[in-house]
């Protein structure tokens, strides 16, 4: 399946100084179905920020991303180039990332983008992930999430007022995303660090108001065909 360009597209980066940067490319359909369709797991020990972002830009292609979010630790990390911003302030890793994306857009490699420091506080994003995974297990396949079909199902939550149940689907080649979600655990009410990297990125996305499906005219929508060749999240 090729993700349609007219959907809303998002990226996250869970930044680390030594561990792999966990990057995810995510899209929301007009039916509020979330698809994680590509991942990058790149070591900052053997790759510069420029090299890491070149790989992200290549994967991003000609998609326009509505919202890009990165772990706030990157905001406190000084640029590896040693340069300062035009206003004299200290240049950070986030400044480097956004500068490289601007350069890549000028070169025609991607459509650019602008990463902002994410919100890592609270549990709203975590609950959004849980709800989408639970709904995916109920509806079983993408493009099968009409809320009215599940009104009598006691396992479905918050179905009232919803036209489509929020779901989450992961492309087969996104192995680290699947592994992270499968093995994510809490100890003493807090998520453990092991397997948390892609989960942290998804949390930052899903708790932000910008993470929303595109506006869609349901009355003119063509009937959807169920797709049977996905792996459940």
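The values are calculated or read from the model by the stated rules, or taken from the named source; none is laboratory data. From a predicted model like this one, the values you see are computed outputs, not experimental measurements. Positions of Cβ are backbone-derived with ideal geometry, glycine not excepted, and every protein chain shown enters the neighbour counts.
If you go through region 121-132 and keep only what is within 14 Å of the chain's Cα centre (by Cα) and either under 30 Å from residue 50 (Cβ atoms) or free of Cβ contacts under 8 Å to residues at least 24 places away in the same chain (or both), you end up with just 125. Looking only at region 91-113, residues that are part of a loop (DSSP other than H, G, I, E, B), free of Cβ contacts under 8 Å to residues at least 24 places away in the same chain and within 19 Å of residue 64 (Cα to Cα) come to 3 in all.
Scanning region 183-215 for residues that are exposed (fewer than 12 other Cβ atoms within 10 Å of the Cβ), within 30 Å of residue 149 (Cβ to Cβ) and either touching a helix residue (DSSP H, G or I) at 6+ places or on another chain (Cβ under 7 Å) or modelled with pLDDT under 90 (or both) yields one hit, 215. Being surrounded by fewer than 20 Cβ atoms within 10 Å (Cβ to Cβ), under 21 Å from residue 69 (Cβ atoms) and in contact with a strand residue (DSSP E or B) (Cβ under 9 Å, 6 or more places away or on another chain) is a property that residue 116 has. How many residues does region 120-146 hold that are part of a loop (DSSP other than H, G, I, E, B) and either out of contact with any helix residue (DSSP H, G or I) (no Cβ under 8 Å at 6 or more places or on another chain) or crowded, with 19+ Cβ neighbours inside 10 Å (or both)? Within region 120-146, residues that are part of a loop (DSSP other than H, G, I, E, B) and either out of contact with any helix residue (DSSP H, G or I) (no Cβ under 8 Å at 6 or more places or on another chain) or crowded, with 19+ Cβ neighbours inside 10 Å (or both) number 9.
Checking each residue in region 160-181 for being over 10 Å from residue 198 (Cβ atoms) and at pLDDT 90 or above picks out 164, 165, 166, 167, 168, 169, 171, 172, 173, 175.
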